[in-house]
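The values are calculated or read from the model by the stated rules, or taken from the named source; none is laboratory data. A quick note: this is a predicted structure, and the numbers were derived from the prediction, not measured. Virtual Cβ from ideal backbone geometry, glycine too; neighbours counted across all protein chains shown.
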Amino acid sequence: MKALIVYFSLEGNTQYAAEKIAEETGADLLRLYPEKQYPDSGFRKFFWGGKSAVMAEKPALQPYVFDSSAYDTIVFGFPVWAGNFAPPLRTFIRDNDLSGKNFAAFACQSGSGAEKAFGKLKAALGTDSLAAELILIDPKARPDAGNDARISGFCGKLLQL
Ligand SMILES: Cc1cc2nc3c(=O)[nH]c(=O)nc-3n(C[C@H](O)[C@H](O)[C@H](O)COP(=O)(O)O)c2cc1C
């Protein structure tokens, strides 16, 4: 398996998980950055990010390099925003031919909505199922041995693909 973790992180929780998964599996990392940064504090953070997620926006991204032929598995990582996956991933999915890949995903959230977000991700990818799914509660902001164990379980599934 050669896997690429494609992720967006506003406040570092998804980044934390992405880096742990990369360490445990040897997967490469691709962090997406929108051209226009989302506000990362206060009311504006929830308002603009929430609106963007509800509207299923596809924000322009800063340039990145993605060699599709180098990977057979794409692992998507995102914070749950208003019960949806974070919009930069939508842009990536629209802009790249991902046919024939295995898909897996992990979601960071503070409460709930990840299951719904996985459903929306599957719809965007045109797939019925993900090879592995992982839900974490703010893994950087709220360190917890349970999260680390769940990350290892997820990595075990990825390594079997
Ligand atoms: C705009 C916005 C919307 C959010 N919506 C949800 C939500 O619907 N459910 C939830 O549990 N957490 C929600 N959160 C919290 C984040 O998903 C959570 O803190 C996540 O771990 C942040 O990941 P990050 O640090 O990689 O950005 C929201 C956060 C933001 C900024």
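Points to keep in mind about this one:
- Any strands (runs of 3 or more DSSP E) falling wholly within segment 73-138 and containing at least 1 residues that are within 24 Å of L161 (Cβ to Cβ), of a type in the set (F, W, Y) and at pLDDT 95 or above: 73-81, 102-109
- Pair list, Cβ under 6 Å, 6 or more apart: segment 23-44 residue surrounded by 13 or more Cβ atoms within 10 Å (Cβ to Cβ), other residue β-branched (V, I, T): A27/I5; L29/I5; L30/V6
- Filter result for P59 (at pLDDT 95 or above and more than 16 Å from the ligand (Cβ to nearest atom)): no
- For the residues A53, A82, A22, the requirement of being near the ligand (Cβ under 10 Å from one of its atoms), on the phi < 0 side of the Ramachandran plot and of a type in the set (G, A, S) singles out A53.
- Candidate set: segment 91-109, residues that are in contact with a Pro (Cβ under 9 Å, 6 or more places away or on another chain) and not β-branched (V, I, T); chosen: the one farthest from G156 (Cα to Cα): Q109
- Yes/no for S52 being exposed (fewer than 14 other Cβ atoms within 10 Å of the Cβ) and hydroxyl-bearing (S, T, Y): no
- Residue pairs meeting the criteria (Cβ under 7 Å; at least 6 apart or on separate chains; first in contact (Cβ under 8 Å) with a residue 12 or more places away in the chain, in segment 80-103; second among the β-branched types (V, I, T) and more than 15 Å from the ligand (Cβ to nearest atom)): L98/I74; K101/T73; K101/I74; N102/T73; F103/I74; F103/T127
- Taking the listed residues A17, A22, A53, the one that is in a helix (DSSP H, G or I) and over 16 Å from V80 (Cα atoms) is A22, with no other qualifying.
- Residues in segment 45-60 that are within 16 Å of P79 (Cβ to Cβ) and in contact (Cβ under 8 Å) with a residue 24 or more places away in the chain: K45, G49, G50, S52, A53, V54, A56, E57, P59.
- The set of residues in segment 25-46 being near the ligand (Cβ under 8 Å from one of its atoms) and assigned to a helix (DSSP H, G or I) consists of K45, F46.
- Test: residue in segment 125-144 that is under 28 Å from D40 (Cα atoms), without any contact (Cβ under 8 Å) to a residue 24 or more places away in the chain, of a type in the set (G, A, S) and within 16 Å of the ligand (Cβ to nearest atom): no
- Among the residues making up segment 1-19, those that are out of contact with any helix residue (DSSP H, G or I) (no Cβ under 8 Å at 6 or more places or on another chain) and near the ligand (Cβ under 8 Å from one of its atoms) are E11, G12, N13, T14, Q15, Y16.
- The residues on offer are A117, A107, A131, and the sole one that is within 17 Å of K2 (Cα to Cα) and under 16 Å from the mean Cα position of the chain (by Cα) is A131.
- For segment 142-158, a residue qualifies if it is among the hydrophobic types (A, V, I, L, M, F, W, C) and surrounded by 14 or more Cβ atoms within 10 Å (Cβ to Cβ), and the qualifying residues are I151, F154, C155, L158.
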